[in-house]
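Here, each number is a calculation from the coordinates, and none is a lab measurement. All figures in this text were calculated on a predicted structure; none of them were measured in a lab. Here the Cβ positions follow ideal geometry from the backbone for every residue, glycine too, while neighbour counts run over all protein chains shown.
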Amino acid sequence: MGIYKGPVETVDKSPSEVYDFLADFRHFEKFLPEQISEWEAGDDYCQFAMQGLGKVKLAFAVKEPHSKIVVQPAVDSKFPVPFFLSAFITAYDDNSQKASFQFIVEADVNPMIAMMVNKPLQQFVEVISERLKDYFNNPQ
């Protein structure tokens, strides 16, 4: 199992605001990397193509209000690699008007495939972390 951890980021939003944003796939497009194309999202799924990895359809696996969201390939996805994308959300301090979050990808890849996907998956969690932080801290 490969584990790819993004940095812990802090934003000027409450944990509930971060959770509510991430609990809707339609918001994800705002912070995805350039390698993503053919984006489509609904209430409970999203699907896209990722350069070097092919097409994938995702669904929510876990939603723990204001603290954790886990996404995995949908049952009808033809993506060959089982993985989880988790977002862990915590209050930054007692004030809880700031939140910290971290994205972690856990992928069940064999050693040969790992050589090809290690770098793209690590870059993926770093890019989405940075872009989400920028989105929240620099409102448009």
Checklist outcome for this item: the chain: Kirkwood hydrodynamic radius (Cα pairs, Å) comes out at 15.3 Å
Item to check | Spin-label model distance (nm) - ARG131 vs ASP43, 7 Å beyond Cα toward Cβ | outcome: 2.6 nm
Checklist outcome for this item: Taking alpha-carbon centroids only, segment 102-140 lies from segment 10-71 a number of Å equal to 12 Å
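Greater than 19 Å separation of Cα atoms is the criterion. Which listed pairs, LYS57/LYS119; LYS63/LYS119; LYS57/LYS78; LYS5/LYS133; LYS78/LYS119, meet it? Write out the running numbers ahead of the final one.
Numbers: LYS57/LYS119 21 Å; LYS63/LYS119 28 Å; LYS57/LYS78 8 Å; LYS5/LYS133 15 Å; LYS78/LYS119 22 Å.
Violating the 19 Å limit, Cα to Cα: LYS57/LYS119; LYS63/LYS119; LYS78/LYS119.
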Checklist entry - Hey, what do the phi angles of segment 114-124 turn into as Karplus ³J(HN,Hα) couplings, whole Hz, using 6.51/-1.76/1.60 and θ = phi - 60°, x for Gly and Pro? => result 4, 4, 7, 9, 3, 5, x, 5, 5, 5, 4
